[in-house]
1. Hey, could you check segment 119-135 for residues that are assigned to a loop (DSSP other than H, G, I, E, B) and hydrophobic (A, V, I, L, M, F, W, C) and say which is modelled with the highest pLDDT?
2. Considering only residues of segment 16-48 that are among the basic types (K, R) and in contact (Cβ under 8 Å) with a residue 12 or more places away in the chain, which is nearest to the ligand (Cβ to nearest atom)?
Amino acid sequence: MIKYKLFCKNCSQYFDSWFATSKEYEKLKKLKLINCLKCDSIKIEKSIMAPSIINNKNKNNNSNSKKYLEIKNKLKEYKKFIKNNFDYVGDNFTNEARSIHYNNKKRKKGIYGKASADEVKELSEEGIETETIPWVNDNEN
Ligand SMILES: [Zn+2]
């Protein structure tokens, strides 16, 4: 299934519609079977697609890939910075974060590691502020 945001040129109404495939959309459009929910006009056009996850394998089809790579490179720099300035504690992140918070454990560097969304939420409820950043793998291009 694919979701398109459709736009009615007649009444300027936007609405979402689901299609089995993009080909089905083209077919229905050609047959004038797509009409506006509001005014019934068939002057419908496809507007921006609903956001979806970028698939690396289809990079060439993705007009956003340049921007995506720029951001990804920035994230790589960020990651490098963190690696140099923070200690990696891996899965032990929530424990370490608590021990710093509750036991005043002194560390030369900040820490970073893995935590699930639930763990991050728990920490924040305990007054431990963490920052979540998107993490990129070095071996990806
Ligand atoms: Zn309309």
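1. Out of the qualifying residues, it is I128.
2. Within segment 16-48, the match that is nearest to the ligand (Cβ to nearest atom) is K38.
The values are calculated or read from the model by the stated rules, or taken from the named source; none is laboratory data. This structure is a prediction, so every number in the text was calculated from the model and none was measured. Every residue, glycine as well, gets a Cβ built from its backbone with ideal geometry; the counts of neighbours run over all protein chains shown.
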